[in-house]
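The values are calculated or read from the model by the stated rules, or taken from the named source; none is laboratory data. Here the structure is a predicted model, which means the values were calculated and not measured. Methodologically, a virtual Cβ is constructed for each residue, glycine included, from the backbone with ideal geometry; neighbour enumeration extends over all protein chains shown.
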Amino acid sequence: MFLRVADEVAKDYPDIEVWKQNIDAMCMQLVKNPQNYGVIVTTNMFGDIVSDLTAQLVGGLGFAASASTSDSFALFEPTHGSAPKYAGKYKVNPIAAILSTMLMFDWLGETEMAKQLEDAIKINLKEGKVRTYDLGGSSSTLDVAKDIVRIMNK
C-alpha cells in the first residue's frame, strides 16, 4: 500500500526523481554516498532505522534534529527517543533538542535567532570545554545548554 500511494503522489510531482530501494541497500548507500539523498520518504519502522543510521553521519543521536512540516503546522524534535535510562541524570547531549529549536525558529521566519543558535552551538563545539559524555566530556545537559546561552549573550 505504501508504494502504491507513493507512486500515486509522485505523479503530481514529475520533476522529482523517485527511487525505490530495499532498506539494506539504502543504508549502505547512505553511509557510502549520503550526498545523493535529499528527502527520504518511508514507513515508520524503516524511518527509525534510517534516522539512527544517518545520525551517526553527523556525530550521533545527540546532534540529530528533525522537522515535520506542512504549510500550516510543524513539529520539531530530536530524532532520538526519550532515553529513559538517563532520566534525571542530566547526562544527555541537549544539542539535538537545541538544533530542533533552531529549525523551529527558521520555519517561523525567525532566521536571525536560528542563526544565533547555530553559531553558538558551533562555538561551543569548537571550544570543546563543555561537552557531554558522548563527546568525551563530563558536563551535564544543563551545563551544555547554559554554555550555549553564555555564548549567545556575548
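Only one of these conditions is not met by Lys91: (1) of a type outside the set (Ser, Thr, Tyr); (2) within 18 Å of Leu61 (Cα to Cα); (3) at pLDDT 95 or above. Which number is it?
(3)
I need a count of the residues in the stretch 59-106 that are without any contact (Cβ under 8 Å) to a residue 24 or more places away in the chain, under 23 Å from Val41 (Cβ atoms) and either surrounded by 12 or more Cβ atoms within 10 Å (Cβ to Cβ) or β-branched (Val, Ile, Thr) (or both).
Residues flagged as without any contact (Cβ under 8 Å) to a residue 24 or more places away in the chain, under 23 Å from Val41 (Cβ atoms) and either surrounded by 12 or more Cβ atoms within 10 Å (Cβ to Cβ) or β-branched (Val, Ile, Thr) (or both) within the stretch 59-106 amount to 3.
On the given criteria, is Ala96 of a type outside the set (S, T, N, Q), touching an Asp or Glu at 6+ places or on another chain (Cβ under 8 Å) and closer than 16 Å to Phe63 by Cα?
no
Residues Val31, Val39: which one is within 23 Å of the chain's Cα centre (by Cα), of a type in the set (A, V, I, L, M) and at pLDDT 90 or above?
Criteria check complete, one pass: Val31.
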